[in-house]
1. Give the residue, chosen from 48, 32, 23, that is surrounded by fewer than 15 Cβ atoms within 10 Å (Cβ to Cβ), part of a strand (DSSP E or B), at pLDDT 95 or above and touching a strand residue (DSSP E or B) at 6+ places or on another chain (Cβ under 8 Å).
2. Would you pick out the residues in the range 105-123 that are out of contact with any strand residue (DSSP E or B) (no Cβ under 8 Å at 6 or more places or on another chain), assigned to a helix (DSSP H, G or I) and either within 22 Å of residue 18 (Cβ to Cβ) or touching a residue at least 12 places away in the same chain (Cβ under 8 Å) (or both)?
3. Residue 83 - would you say it is modelled with pLDDT of 95 or more, under 21 Å from residue 16 (Cα atoms) and not in a loop (DSSP other than H, G, I, E, B)?
4. Across the range 78-99, what is the number of residues that are in contact with a helix residue (DSSP H, G or I) (Cβ under 7 Å, 6 or more places away or on another chain) and in contact (Cβ under 8 Å) with a residue 40 or more places away in the chain?
5. Would you check if there is a residue in the range 98-114 being closer than 20 Å to residue 25 by Cα and surrounded by 15 or more Cβ atoms within 10 Å (Cβ to Cβ)?
């Protein structure tokens, strides 16, 4: 079952607002991480690095929750619960650069070099994650 993101809160999903992503650890405890996101229709796209804890968590348990709030009106927010439907390295670096450009407000920004040290590109492999919303709740 897919849940739709209401037009009233699309601006929060389309950014650049920071997102809290919650995944489930192997022992069942939640883990929350600040991330960036984008959207394709009603699908949410995020990025992580191969073998990072959140990537491992999503592989083991695809249930996630995201919350995005408006910093000017913190009670206005959107909570998206969903399922990870795809994790791929294909196009992940390009997606990460697009997120960097959006969140840094720099049209030519590159994640490795502008957001983090360029040398980290040799150590980390980006993974694009596609999330299908199953429940959406909004306030404000």
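1. Details: 48 fails: surrounded by fewer than 15 Cβ atoms within 10 Å (Cβ to Cβ); 23 fails: surrounded by fewer than 15 Cβ atoms within 10 Å (Cβ to Cβ).
Only one candidate passes the filter, namely 32.
2. Initially, the range 105-123 is screened for residues out of contact with any strand residue (DSSP E or B) (no Cβ under 8 Å at 6 or more places or on another chain), giving 105-110, 112-123.
So of that shortlist, the ones also assigned to a helix (DSSP H, G or I) come out as 112-115, 118-122.
Hits for the range 105-123 are 112, 113, 114, 115, 120.
3. no
4. Of the residues in the range 78-99, the ones in contact with a helix residue (DSSP H, G or I) (Cβ under 7 Å, 6 or more places away or on another chain) are 78, 84, 87, 96-97.
When the remaining residues are screened for being in contact (Cβ under 8 Å) with a residue 40 or more places away in the chain, the result is 78, 84, 87, 96.
Residues meeting the conditions: 4.
5. From the range 98-114, those closer than 20 Å to residue 25 by Cα are none; that's our starting set.
No.
The values are calculated or read from the model by the stated rules, or taken from the named source; none is laboratory data. Values in this document were obtained by computation on a predicted structure and should not be read as measured data. Backbone-built Cβ (ideal geometry, glycine too); neighbour counts: all protein chains shown.
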